[in-house]
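Here's the structure, in structure tokens; my notes come after.
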Amino acid sequence: MNKSENWYSEFSKHMILLFGTIIVILPFYLMLSFSFKSPAEIQSISGGFFGNQALMTDNRCLKAGKSKEACTMRPVIYNYSAAFSEAPLLRYLLNGVIVTLSIFFIQVIVALPCAYALAKLKFWGRDVVFGLVIFCLLIPVHAIALPLYLMLAKVGLTNTYASLVIPWTISVFGIFLMRQFFKTVPDDLIDAARMDGMSEFSIVWTVMLPTAIPALLAFGIFSVVAHWNDYFWPRVVITGDRDLMTPPLGLRMFKSDMDGNEYGPMMAAATVIVAPLVVAFLLAQRRFIEGITLTGMK
Amino acid sequence: MTNSRTHIAFVAPAIILMLVILIFPVFVAATLSFTDYSLGNKTFNWVSWENYEALLKRSSYKKMFSASLTYVFIVVPFSVVLGLGSALLLSSLRFGSEIYKTIFFLPVMATLLAMAIAWEFTVDPIIGVANATLKSGCEVKWFYSLMTGSWRGGEPLDSWYGLGCVEGMPNWLGDRKLALGTISFIGVWQAFGFNMVLYLAGLTAVPRELYNAAQMDGADTAWKRFRLVTWPMLGPSHVFVVTITSIRSFQVFDTVEALTQGGPSKATYVMVYAMFEKGIKQNLVGIGSAITIVFLAFVLILTLTQVYFVNRRVHYS
């Protein structure tokens, strides 16, 4: 193969990939663009990416009895300020942080000791417990959603933070993953710790935990991404109380309340919700791809 | 240490949670699927197989199975082929592969619900750029003749595009015939980057020498080398990618709930959405549980197929 032929094939590959890139980027591009533009520009599909940013007057603000000056602003300012004022977006974001972090925290507290026992302690019934873990890996979340919802409703826990967290407190995948990891930790390390008189409890948290940071980080990324983005479960257990809604559910409510021209503020809210993970992903790509694919079996 | 009882404290919380949160609910669903229970009712009646019979007989559930299976049969092949195709292209690039990899993985990371709404606006009949672009293509001669097929002698008005130019472009989510395809398109958009990364990992495990050996044995074209070396060596990746994608496709919910609510006329009435609508929104727990159990059966069959193939060692090492 000669050189020009090589470049020709490289060029055509880039052409195909660029076409794919356009389709993949398209909704992101439009989401951002809508969040910048005025309602009129959105309706008439004009104004390019950023819009003309001509001053606009917010009618709702006028109706609220404020002066015309206070209600006149650039569309981009209008969209983002409406996103935060029309809906409790800040509250949704805070809920998202509370829920995802509590889930991850509890998952680690439950999974780590269990994984350590399965990997490094010999006891009667260990294989049975491990078998149970493997069996539970087969159960998809959607298959337990309805009965779990009924159970939570029976004890009056729907519409609480607890209902958002409880189903995820047990991560059999986390146990499985950490057990495989702990298997590779040399026994000498644990024996040395025991000689020093450490209890099994402190071995887990002061010897095993630090060695497990890389695996834990991958699992953490997986867990946080999955639960920040989760829409199904919050939709099931949170039925009215806006103060408990997570970001995707809040955005969904925004959509069903929408009257006419709110595309701009809605896409501003969507941008704010999508941005944290996308930015984190761009900063630590390799780790994110590792975390999400390594744990892809869920 | 074998005498110590610490292991009980270590495994007990996990065991209890597994039993209460994962195992027990499955039995609850199985039991309730034979009743007419509703949340808030004090009593319920045993109805034997009535709920399952309804699933087989009523037309709305027939539509449910057909919607779910069609979705899976569109999303799986497309996202697997696109994932493999882009992985092969990226691994053969001289430069720029990292950038494409990042971009193609973005949909996997981004909140699906938010992106679904962005897609809805993209394909909106009034404010959507998709139809606006198609419409402006009507005026461009080469595009028009390409899309309508008139370049090879077809009658322009016989094609959907020619018709669209005259009567207005399709309503992608509002048309009964197109809605499921549009939802599947979003599914493919979201899933193929994940498959691509799995295939890229699989490709790095293929030993370089095999390609040289194949070339010496007469595999002189790239296609032959692909068929003889790459494709079989990716065996484990194929099994993993296909089962994961199928299981995830069976679980589709976000896009349907946000964009079509199962409509128009049940065209996108997929299983998880039906389970949600019947079991939770309409409080028909019996039928919702029956859907849950059938759904579980589908997913278990897929997972066990995967385990079977993995144990048969579809790899060549």
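The values are calculated or read from the model by the stated rules, or taken from the named source; none is laboratory data. The structure displayed is predicted, hence computed values, not measured ones. For neighbour counting, all protein chains shown are included, and Cβ atoms are generated from backbone atoms with ideal geometry for every residue, glycine included. What goes into the accessible areas is simple: the full protein's heavy atoms, side chains included, and nothing from ligands, DNA or RNA. Shrake-Rupley method; radii C 1.70, N 1.55, O 1.52, S 1.80 Å.
Laid out as a table, the results:
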read-out: Cα gyration tensor category, rounded, prolate or oblate, for chain B with a/c compared to 1.5; value: oblate
read-out: Angstrom value of the Kirkwood radius, inverse mean 1/r, which spans all Cα pairs in the stretch A:1-121; value: 19.9 Å
read-out: Sequence-separation-based contact order of the stretch A:89-294, relative, with Cα cut under 8 Å and 6+ spacing, percent; value: 33 percent
read-out: Student exercise, chain B dipole from Lys, Arg, Asp, Glu Cβ charges, in Debye to nearest 20; value: 600 debye
read-out: Dimensions in Å of the stretch B:206-264 - Rg and Dmax from alpha carbons; value: 19.6, 57
read-out: Kirkwood hydrodynamic radius of the stretch B:1-59, from inverse mean 1/r over distinct Cα pairs, in Å; value: 14.7 Å
read-out: Within the stretch A:164-226, trypsin sites (Lys or Arg not before Pro) in DSSP loop having at most 10 other beta-carbon neighbours inside 10 Å; value: none
read-out: Within 10 Å of each Cβ in B:185-198, the average number of Cβ atoms from other chains; value: 2
read-out: Residue mean of other protein chain beta carbons inside 10 Å, A:16-28; value: 6
read-out: Alpha carbon centroid spacing (whole Å) that separates the stretch A:181-220 from the stretch A:22-92; value: 52 Å
read-out: Rg(Cα)/(2.2 N^0.38 Å) for the stretch B:1-128, N = residue count; value: 1.77
read-out: Evaluated at q = 0.17, 0.24, 0.26 Å⁻¹: base-10 log I(q)/I(0), Debye formula over Cα of the stretch B:126-170; value: -0.41, -0.76, -0.87
read-out: Cleavage-rule hits (chymotrypsin sites (Phe, Trp or Tyr not before Pro)) in the stretch A:25-89: DSSP loop, at most 14 neighbouring Cβ within 10 angstrom; value: A:PHE49, A:PHE50
read-out: Alpha-carbon Debye profile of the stretch A:204-298, log10 I(q)/I(0) at 0.12, 0.20 Å⁻¹; value: -0.53, -1.02
read-out: Relative contact order (%) - criterion: Cα under 8 Å, at least six apart; region: the stretch A:3-86; value: 24 percent
read-out: Buried area at the B-A interface (accessible, heavy atoms, 1.4 Å probe, summed, Å²); value: 8000 Å²
read-out: Other-chain or far-sequence residues with amide H under 5 Å of B:THR35's (modelled H); value: B:VAL47
read-out: Net charge of neighbours whose Cβ lies under 10 Å from the Cβ of B:VAL47, counting Lys and Arg as +1 and Asp and Glu as -1; value: -3
read-out: Qualifying lysines (Cα of each under 30 Å from Cα of A:LYS120; at least 8 residues distant if same chain); value: A:LYS183, A:LYS298
read-out: A:LEU26 paired with A:LYS122, simple spin-label distance in nm, labels 7 Å along Cα-to-beta-carbon; value: 6.2 nm
read-out: Cα-only Debye scattering, the protein assembly as shown: base-10 log of I(q)/I(0) at q = 0.09, 0.11, 0.12 Å⁻¹; value: -0.85, -1.23, -1.41
read-out: Chain lengthening between B:ALA297 and B:LYS281 when straightened (0.36 nm per residue, less Cα-Cα); value: 3.5 nm
read-out: Residue-averaged beta-carbon neighbours from other chains (10 angstrom radius) around A:230-242; value: 3
read-out: The stretch A:115-268, accessible area per residue, ligands and nucleic acids excluded (1.4 Å, Å²); value: 38 Å²
read-out: FRET efficiency for B:TRP151 and A:LEU209, using Cβ-Cβ distance with R0 set to 56 Å, rounded to 0.05; value: 0.25
read-out: Distance (nanometres) between label positions extended 7 Å along Cα→Cβ at A:THR184 and B:ILE103; value: 3.4 nm
read-out: Long-range tail of P(r) for the stretch A:89-294 (Cα pairs > 29 Å, %); value: 36 percent
read-out: Taking chain B and dividing mean pair separation by its residue count, relative contact order in percent (alpha carbons under 8 Å, at least six apart); value: 27 percent
read-out: Cα centroid of the stretch B:1-78 to Cα centroid of the stretch B:199-254, whole Å; value: 35 Å
read-out: Loop trypsin sites (Lys or Arg not before Pro), the stretch A:102-152 (other Cβ atoms within 10 Å of the site Cβ: 10 or fewer; DSSP); value: A:LYS122
read-out: Under 28 Å from B:LYS42, Cα to Cα: lysines that are on another chain or at least 8 residues apart; value: A:LYS154, B:LYS278, B:LYS281
read-out: Overall dimensions of the stretch B:221-294 as given by Cα atoms, namely Rg and Dmax in Å; value: 19.0, 61
read-out: Under 26 Å between alpha carbons - lysine pairs in the stretch A:3-86 that sit 8 or more apart or on different chains; value: 4
read-out: Built amide H within the under 5 Å cut-off of B:GLY154, gap 5+; value: none
read-out: Radius 13 Å from Cβ of A:VAL204, net charge of other residues (Lys, Arg +1; Asp, Glu -1); value: +2
